[in-house]
1. Looking for something under 24 Å from the mean Cα position of the chain (by Cα), hydrophobic (A, V, I, L, M, F, W, C), outside any helix (DSSP H, G or I) and surrounded by 14 or more Cβ atoms within 10 Å (Cβ to Cβ) - is there at least one such residue anywhere in the range 208-229?
2. Determine, yes or no, whether residue 204 is assigned to a loop (DSSP other than H, G, I, E, B) and surrounded by fewer than 16 Cβ atoms within 10 Å (Cβ to Cβ).
3. Restricting attention to the range 183-207, report how many residues are β-branched (Val, Ile, Thr) and within 21 Å of residue 137 (Cα to Cα).
4. Which residue is nearest to residue 281 (Cα to Cα), if the candidates are limited to the range 218-251 and must be small (Gly, Ala, Ser) and in contact with a Phe, Trp or Tyr (Cβ under 9 Å, 6 or more places away or on another chain)?
5. Kindly indicate whether residue 127 is assigned to a loop (DSSP other than H, G, I, E, B) and either touching a strand residue (DSSP E or B) at 6+ places or on another chain (Cβ under 9 Å) or outside the structural domain of residue 92 (by TED's automatic domain parsing) (or both).
6. What are the residue pairs meeting all of these: first residue in the range 178-194, first residue over 22 Å from residue 232 (Cβ atoms), second residue modelled with pLDDT of 90 or more and not in a strand (DSSP E or B), Cβ atoms under 6 Å, and 6 or more apart or on different chains?
7. Within the range 148-162, which residues are assigned to a helix (DSSP H, G or I), touching a residue at least 24 places away in the same chain (Cβ under 8 Å) and over 17 Å from residue 108 (Cα atoms)?
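The values are calculated or read from the model by the stated rules, or taken from the named source; none is laboratory data. Source: prediction; values computed, not measured. Here Cβ is always computed from backbone atoms with ideal geometry, including for glycine, and neighbour counts include all displayed protein chains.
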Amino acid sequence: MMAKSRHDSPYGIAEIAEIGFAAPAGTPAGVEVMSLAELRRRVPGDTLARPQRPDFHHLLTLTEGGLRHLVDFDGHTLRPGSWLWLRPGQVHQWGDLARAEGTLILFRQDALDPATATAARVDDPYAPVVTTPVAADADAVTMAAEHLSREFRALGQLPLDVHIAALRHLLAVLLLRIAHLTVPAGGPAPEPDETYLRFRDAVERHFTATRQVEDYARMLGYSGRTLARATQAGAGLGAKEFIDRRVVLEAKRLLAHGDETAARISDHLGFGTPSQFGKYFTQRTGRSPLDFRKEIRGLAGSGAQGGRPAGGAAPRGDSGH
């Protein structure tokens, strides 16, 4: 499923702590489908509950029960019929799988052609984590998932290259249906305007280089006031807070997933000194970087059932509750 190092996996998936990737023989397609029962048999529960930051996609849907899942430190409740989509780079922790049954689909982005990746918005870091098909479309999404699962388990019925092509085509169908036939919890959000989208994308590219609204305004050719209005309309918060939340989210990801020192994380995020980073993080989350690391790893030990830690939510607004 997931690899300890790049050499552990024929798919080349790297640096995902604790869980080994065991690709089925003869299926170098960058796609794997398993039931949650299989996942429970393969991976100890305490391992699953630890923070993980995979560099491949997870799609999860339930057929029975319920599941509480942490994605980027927000709690999401998954019920039968809804879909959870975890994208590369996001930190997640599994909840208690004992009362849940369903299907988990893992895939690398290079299993998709570029046109499909664009149309399915697979690169969108602000896409909702949990979505649900509207009633009229639920059967189409379910059928696409079933076809993918059946083809994955039909190794040997077709020539291998044809089997791999079929898997990739069926995965593309499923992703396109999830991207366009589902709506996030709370209903569809209004379409953001171009100014907000340009600012959002610029922050995603440059948040480790600058945390100043004025720098983004100059970069994009807008006034700071224009960015403030667009961000308030698009995200429900000010432009400076949007930037700060993205920085804090990355800090949380690094603290939760790895063992880098606060000094190295400070440097990675563009702070002048570790003390400057510590003060910045504490002011925005209510606890020090070290205390956050201890807390989130304590949550892992309890099965991630308690919801998300307070403060510093990601700048997306899709809590999935």
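1. Among the residues of the range 208-229, not one is under 24 Å from the mean Cα position of the chain (by Cα), hydrophobic (A, V, I, L, M, F, W, C), outside any helix (DSSP H, G or I) and surrounded by 14 or more Cβ atoms within 10 Å (Cβ to Cβ), which makes the answer no.
2. So residue 204 does not fit the description; no.
3. Here is the first cut: in the range 183-207, the ones β-branched (Val, Ile, Thr) are 183, 195, 203.
Checking which are within 21 Å of residue 137 (Cα to Cα) leaves us with 183.
Going through the range 183-207 one residue at a time, the tally reaches 1.
4. Step one: filter the range 218-251 for residues small (Gly, Ala, Ser), giving 221, 223-224, 228, 230, 233-236, 238-239, 251.
Subsequent filtering for residues that are in contact with a Phe, Trp or Tyr (Cβ under 9 Å, 6 or more places away or on another chain) retains 224, 230, 233-235, 239, 251.
Values: 224: 24, 230: 26, 233: 26, 234: 25, 235: 21, 239: 18, 251: 8 Å.
Per the stated criteria, the residue is 251.
5. Working: assigned to a loop (DSSP other than H, G, I, E, B): yes; either touching a strand residue (DSSP E or B) at 6+ places or on another chain (Cβ under 9 Å) or outside the structural domain of residue 92 (by TED's automatic domain parsing) (or both): yes.
Yes.
6. Correct list of pairs: 179/120; 179/121; 181/137; 181/141.
7. Of all residues in the range 148-162, those assigned to a helix (DSSP H, G or I) come to 148-152, 160-162.
Then drop every residue that is not touching a residue at least 24 places away in the same chain (Cβ under 8 Å), which leaves 148-149, 152, 160.
Within the range 148-162, 160 is the sole residue that qualifies.
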